[in-house]
Amino acid sequence: MDIVLRAAFAYVFILFLMRVVGRRELSSMGPSDLILLVVMGDLIQNGVTQSDYSVTGVVLATSTFGLLAVVTSYTVFRSPRAKSVIEGEPLILVQNGEAIERNLKGERLTLDDLMEEARAQQIDSLDQIKWAVLESNGSISIIPKQ
């Protein structure tokens with residue numbers, strides 16, 4: 001039972017950590033981010049199993065993570081409030097050609113990051129953007145002016 005409780009705590013901690021890291025960072029993971037996730041997984045495994053190398057320990061820890069992932073997914077599906085807490089909400093970055101600096105700073109995005117995404121969508125200036133929205137999955141949706 002101890003392994004199940006530690007695995008549950010580790011799952012909630014990882015979920016919290018991913019929210020703190022931010023949406024944009026997760027959508028554009030580089031090599032150092034991948035290394036961090038692999039090392040973090042190993043460190044958490046040590047904390048969850050406390051050097052319990054038995055098959056039972058592995059099955060309990062893995063099953064707990066899997067069950068919590070399913071419960072989280074179902075909760076997000078059924079509850080809009082839980083969805084906003086766990087996954088976040090879309091955030092407007094540009095409205096009618098004007099960047100919303102407070103929102104950009106809050107997500108640690110620069111105007112250069114935003115313009116890079118705009119250029120990828122064949123938009124070369126902020127004046128051409130009606131809306132730019134940072135989606136909850138970390139992507140930026142841009143709606144051009146007509």
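Here the dipole of the chain is about 500 debye; that uses its Cα centre as origin and unit charges on the Cβ of Lys and Arg (positive) and Asp and Glu (negative). In the chain, the longest principal axis of the Cα atoms and the axis of helix 2-21 are about 10 degrees apart. With the convex hull of its Cα atoms as the shape, the chain has an orientation-averaged projected area of 10.6 nm².
Taking a sphere under 13 Å around the Cβ of Ala10 and counting the other residues whose Cβ falls inside, with K and R at +1 and D and E at -1, yields a net charge of -1. Net length available on complete extension from Thr75 to Glu135 is 19.6 nm, with 0.36 nm assigned per residue and the Cα-Cα distance removed. Here the range 91-144 is treated as a sphere whose radius is the Kirkwood value from Cα pairs; by Stokes-Einstein at 4 °C and 1.567 mPa s it diffuses with a coefficient of 121 µm²/s. Normalised by the number of residues in the chain, the mean separation of alpha-carbon contacts (under 8 Å, six or more apart) gives a relative contact order of 25 percent. Rounded to the nearest 20, the Cβ-based charge dipole of the range 80-146 about its Cα centre (Lys and Arg +1, Asp and Glu -1) stands at 280 debye. Its DSSP H runs of at least 4 residues, each contributing -39,500 (n - 2.57), put the calculated 222 nm mean residue ellipticity of the chain at -20000 deg cm²/dmol, to the nearest 500.
Couplings 3J(HN,Hα) of the range 96-102, computed from phi: 6, x, 10, 5, 9, 4, 4 Hz, in residue order, whole Hz [Karplus 6.51 cos²θ - 1.76 cosθ + 1.60, θ = phi - 60°; x for Gly and Pro].
Computed extension length for Gln50-Leu67: 4.1 nm, one decimal, from 0.36 nm per residue of separation with the Cα-Cα distance subtracted. Seen against the Cα atoms of the chain and their longest principal axis, helix 55-78 is set at about 40 degrees. Farthest toward the positive end of the dipole of the range 91-144, out of Gln122, Gly106, Ile143, is the Cα of Gly106, where the dipole comes from beta carbon charges about the Cα centre. Against the chain, whose longest principal axis comes from its Cα atoms, helix 31-49 is set at around 30 degrees.
Where a number appears in this text, it was derived from the coordinates with a stated rule and is not lab data. What you see is a predicted model, and the numbers here were worked out from it, not measured in a lab. Ideal geometry is used to build each Cβ from the backbone, glycine not excepted, and the neighbour counts take in all protein chains shown.
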